[in-house]
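Reviewing the structure listed below.
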Amino acid sequence: MTRIQEYNVMPTEPTLEERAQRIAKAVRKQSIEVKENWEQLKTRASNWQKQVEKTLEKLQELQKALDDLEAHVITAEGVHTDQQPVGDLLIDSLQGHIDKTTVSAITLHFTYEQM
């Protein structure tokens, strides 16, 4: 063989073993990416779940406050309904009605501040 023929080596196709190694390497790389993405997804889902739970807790507190407010409004409406119109009051009983109204107003104000 001459020197020129020595350098004209034709490239050969990869062997089955080389192809298998390349495929295995690609699969390992993709497997690592999938694992990383899965961990990120789990973290995000966990954070989202915590956010949903906090929001639910706040909504439940709001619902309780609304229920308490409704009960106080019903009580106040009852007190208002039980009172006689000012024009129908007798002068002699006027002070008693003023005292009753003042106590009711103080009670409602105190209850409102506790909320």
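The values are calculated or read from the model by the stated rules, or taken from the named source; none is laboratory data. What you are looking at is a predicted structure, and each value in this text was computed from that prediction instead of being measured. Counting neighbours? That spans all protein chains shown, and the Cβs are built from the backbone with ideal geometry, glycine included. The area values use the complete protein model at the heavy-atom level, side chains included, leaving out ligands, DNA and RNA. Shrake-Rupley method; radii C 1.70, N 1.55, O 1.52, S 1.80 Å.
Net charge dipole, segment 23-71: roughly 740 debye, given to the nearest 20, about the Cα centre with Cβ charges of +1 for Lys and Arg and -1 for Asp and Glu.
Straight Cα distances below 18 angstrom link K35 to the lysines K25, with same-chain residues fewer than 8 positions distant left out. If R₀ is 22 angstrom, what is the calculated FRET efficiency for the pair E18 and W38, using the beta carbon separation as r and rounding to 0.05? With a Förster radius of 22 Å, E is 0.10. Full extension of the chain segment joining A45 with K58 gains 2.7 nm, where the gain is 0.36 nm per residue of separation less the Cα-Cα distance.
Taking all protein chains together, E57, E13 sort by accessible area into E13, E57, largest first [probe 1.4 Å].
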